[in-house]
Amino acid sequence: MPDSGLPAPAQPPVRQFDAGDDDDTLAPLDVHRFLGILRRHARLVLLITLLATGGAAAYAFLRQPLYISNAVIRVRDTRGALTAGLTDVNNGGVTGTEVNPLLSLIEVLTSRTVAGAVVDSLPVLRLNAGGIPLDALREVEIAPGLSADSLVLDLRADGIVVSGDSNTPPVPYGVPVGHEGFHLTFDSAPQIGMVTIHLMPRAAAVNAVVGNLDVVARPNTDVMDVRYLAADPALAQEVANRLVVLFRDANAEDAQRESHARRVFLEGQLREADSALAVARQAVAAFRARQRSYSARDRFAASQATASQVAARRTELTSQRQLYQQVLQRMQDTTLPSGEAILSLLSSPGADQNPAIRQLSEQLARYQAQKDSLTFGPYGAAATNPDVRRLSSLIATTQERLGAAVAGAIAVLNDRIGELDQQGAASAPSYRQLSANESDEASLLETVEADRRRGDQLREEYQNARLAEAVQVGQVEIVDPAGAAERTGLSPRLILILGLIAGLAAGCGLAFLLELVKPTIWRQRDLAGVLASETPIVIPRIRTGRRLLRASRPAGPRTLTMIGEPRGGSAEALRAVRTKLIFSDEFANLKALLVTSTVEAEGKSTVAANLAVAFAQQGLRVLLVDSDMRRANLHYMFGVKRSPGLSALLDGQASIPEVLQETKVPNLSLIAAGAVPQNPAELIGGASLREILGRLSADFDLVLLDSPPLLAVADASILGAMTDGVLLVVRAGRAGRDEISAARDLLENVGAHVVGAVLNDPDGEVARSGGTYYFYGYDSVSR
């Protein structure tokens with residue numbers, strides 16, 4: 001619908017909502033903000049992701065594959081099992097709760113000694129074959145003491161030629177080739193061409209074996225996994241098997257060697273013990289020959305036997321008396337329940353030797369059992385029951401009789417113990433009358449017995465040592481030999497996935513870091529918060545036909561979206577700005593409006609030109625003044641001359657009619673910037689500009705001025721003080737919060753009045769930051 005030239009009917013204030021518009025402060029976990037950051041830096045994230053994925057792919061496909069082979073061994077007392085536990089499992093090692101036998105064996109297995117034995121048994125471990133599979137080398141001979149060497153070989157189809165021996169015929173495959181101290185054999189040619197085979201020092205090879213070896217004990221078992229890592233799968237399997245076999249054999253040899261040393265030691269001790277026993281027996285025989293009598297010794301033995309019998313009998317009677325005394329004490333103590341306790345004491349061994357006591361106790365037990373059967377349980381008889389009362393009376397009577405019988409038994413036992421004491425006192429003098437000769441004979445016999453026992457113990461240990469020496473096994477048992485080696489490490493696919501994830505994470509992290517380093521304005525709400533004003537209107541991308549034109553680029557008339565694409569979203573947004581200004585409280589006094597920006601390349605000139613067209617299409621007489629004399633652009637947009645212009649007008653070289661140019665847009669006139677003066681700021685700050693603006697404001701309904709950026713030069717702040725209002729243009733993603741705050745403070749310091757703000761979005765940053773356009777493409781849908 002064409003414009004009538006009159007102000008449009010009143011419309012509600014235009015407000016554009018944003019995701020999460022209910023809060024002025026973005027929460028730390030605002031998903032919309034994070035997604036907006038990622039969309040803004042999508043190219044950076046994509047580049048870093050591609051680089052990381054490419055690096056991962058190069059690593060995955062160019063790295064040398066590694067293979068691991070696993071053998072399983074078990075540590076147990078095999079020697080003890082074979083010898084019925086007669087061997088010493090510890091073999092003289094350190095014992096204690098702080099010593100872990102499995103860890104000790106692991107330390108031995110991963111030692112340089114075992115690794116050295118493997119290297120010596122597999123000389124191929126000392127070779128660096130330059131990419132040739134080591135299993136292609138059938139025999140490798142290295143002279144002892146040879147530290148390092150190399151062979152340069154020419155592998156041909158008809159044989160092998162050693163470098164330097166080109167005059168000699170090729171050596172056939174299957175025949176050793178090399179030089180003194182270093183020979184190897186190829187069954188066939190693994191490849192054709194020159195190869196260099198390096199011989200590394202033995203210490204380096206041992207270090208490599210130790211570094212590629214891993215021994216792990218399975219929890220709560222005596223089983224260990226022996227793993228070896230190598231670039232050659234056949235070599236990994238061979239080394240793993242060779243390791244466990246050599247370790248098992250070495251362990252068995254160590255155990256056998258210790259058993260041999262123990263046998264030799266016990267053999268010498270046994271000879272000394274037999275010699276000492278012979279001497280002790282000769283001393284006893286000589287003593288008896290001198291005495292020629294055995295009567296005193298026999299009498300002493302008989303007396304000793306009698307005394308032992310008397311002591312044993314007295315001990316037996318004393319124990320029986322003590323038991324009866326406990327029973328009697330329990331029966332006499334009326335404060336204790338004595339029934340079950342008495343029966344328990346009388347059932348002890350030795351208490352039933354008295355027939356009367358045994359009979360009474362059995363009778364008491366029957367009465368007690370009958371009473372318990374009557375009174376037990378929830379339905380048992382009460383104490384007043386006639387049967388219960390009868391049994392209670394019988395129990396009491398039997399206990400009295402039992403007490404009397406026990407007291408009598410105690411008296412009899414006291415008499416018997418007294419007789420035994422008298423008998424022992426009567427035989428005591430006989431011990432004191434033993435002769436000193438008999439004591440000497442006893443000492444000699446004790447010496448003989450001690451030497452005999454020591455000899456028997458040593459003889460038994462000597463036999464055990466001989467058995468242990470004969471056993472050809474140790475503590476190590478091979479459970480599972482190493483099988484075919486398996487490729488280890490991450491698969492190429494997983495490496496690519498991890499590279500992709502790492503690239504995404506690094507790209508996202510860098511994007512967030514850039515946002516923290518330079519916090520720029522991306523959305524309406526952010527700009528409104530900095531300026532403390534209403535939500536600004538967003539001007540989206542300007543499109544002309546199929547070509548995308550950015551509102552910040554100094555293009556020609558194509559950037560006048562109000563003419564080239566009047567039904568587009570940018571034109572609608574500019575009309576919204578126009579409507580917002582027209583219906584504002586300040587518009588009645590708004591004769592001169594300055595359009596400026598914070599920094600350069602924010603699209604202020606394009607916004608000023610299109611906004612001037614919008615006001616002109618509304619029917620207002622509009623004058624557009626290009627006051628950016630340093631980088632003038634409006635004359636190009638409207639296709640008019642640059643000179644004479646504002647600079648000539650301010651310098652007094654031209655009059656207003658001379659610089660005033662009509663455009664192809666009805667109701668719109670233009671004053672171009674003119675020639676670039678030497679002192680633009682001083683020229684603008686003169687008194688003539690204020691007078692000229694007053695005259696122009698009287699001739700036109702609205703004067704729009706396009707100025708340089710506020711923070712670039714002082715021109716904009718001077719113009720802001722002379723005009724009635726300032727419209728600030730901010731390009732999304734261009735200016736930072738601190739820069740916009742500085743521009744706002746600069747305008748406030750000169751007394752300029754900011755009547756509104758426009759968020760210019762030629763790159764679509766608002767949508768990528770979670771914002772929303774409400775003026776984009778509506779008319780195109782109806783078509």
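The values are calculated or read from the model by the stated rules, or taken from the named source; none is laboratory data. Note that this is a predicted model, so its numbers are computed, not measured. Positions of Cβ are backbone-derived with ideal geometry, glycine not excepted, and every protein chain shown enters the neighbour counts. Note: accessible area is taken over every heavy atom of the protein model, side chains too, but ligands, DNA and RNA are not part of it. Shrake-Rupley method; radii C 1.70, N 1.55, O 1.52, S 1.80 Å.
Show me the ranking of peptides 54-60, 66-72 by mean Cβ neighbours inside 10 Å, starting with the highest.
In descending order of packing, they fall as 66-72, 54-60.
From the C-alpha coordinates alone, can you work out the Kirkwood hydrodynamic radius of the stretch 633-701, in Å?
Values: mean 1/r = 0.0800 Å⁻¹.
Kirkwood hydrodynamic radius for the stretch 633-701: 12.5 Å.
Sorting check: for 415-422, 689-696, 375-382, 662-669, which peptide has the highest mean count of neighbouring beta carbons within 10 Å, and how do the rest follow? Intermediate results must be reported in sequence, preceding the final value.
Working: 415-422: 12.6, 689-696: 15.4, 375-382: 10.2, 662-669: 17.9.
For the peptides 415-422, 689-696, 375-382, 662-669, the packing ranking is 662-669, 689-696, 415-422, 375-382.
Return one quarter of the surface area of the convex hull spanned by the alpha-carbon atoms of the stretch 687-747, equal to its mean projected area, in nm².
It is 4.7 nm².
Taking amide hydrogens as modeled 1.01 Å from N in the peptide plane, which residues meet the under 5 Å criterion relative to Val754, leaving out close sequence neighbours?
Here the answer is Val726, since their amide H atoms fall under 5 Å of that of Val754.
How high is the FRET efficiency from Arg493 to Glu139, r the C-beta distance, R0 45 Å, rounded to 0.05? Don't skip to the answer; put the middle values down first.
On the way: r = 40 Å, r/R0 = 0.89.
E(calc), rounded to 0.05, equals 0.65.
Given a cut-off of 13 Å, what percent of all Cα-Cα pairs of the stretch 673-719 lie beyond it?
So the pairs more than 13 Å apart make up 63 percent of the total in the stretch 673-719.
For the stretch 358-412, what is the accessible area per residue in Å² when the probe is 1.4 Å?
In whole numbers, the stretch 358-412 has 62 Å² accessible per residue.
Grab the Cα-Cα distance for Ala312 and Leu47, subtract it from 0.36 nm times how many residues apart they are, and report the gain in nm with one decimal. Spell out each step's value before the answer.
Numbers: separation 265, 0.36 × 265 = 95.40 nm, distance 10.29 nm.
The Ala312-Leu47 span can extend by a further 85.1 nm.
For the stretch 577-670, how big is the tail of P(r) above 24 Å, as a whole percent of Cα pairs?
I get 23 percent for the Cα pairs in the stretch 577-670 exceeding 24 Å.
How compact is the stretch 440-480 by the rule of thumb for globular proteins, expressed as Cα Rg over 2.2 N^0.38 Å?
The value comes to 2.10.
When you count, for each residue, the other Cβ atoms within 10 Å and take the mean per peptide, how do 402-414, 676-688, 636-648 rank with the highest first?
Result, highest mean Cβ count within 10 Å first: 636-648, 402-414, 676-688.
Please pull out the direction-averaged projected area of the stretch 570-729, using the convex hull of its alpha-carbon atoms, in nm² to one decimal place.
The orientation-averaged projected area of the Cα hull of the stretch 570-729 comes to 8.3 nm².
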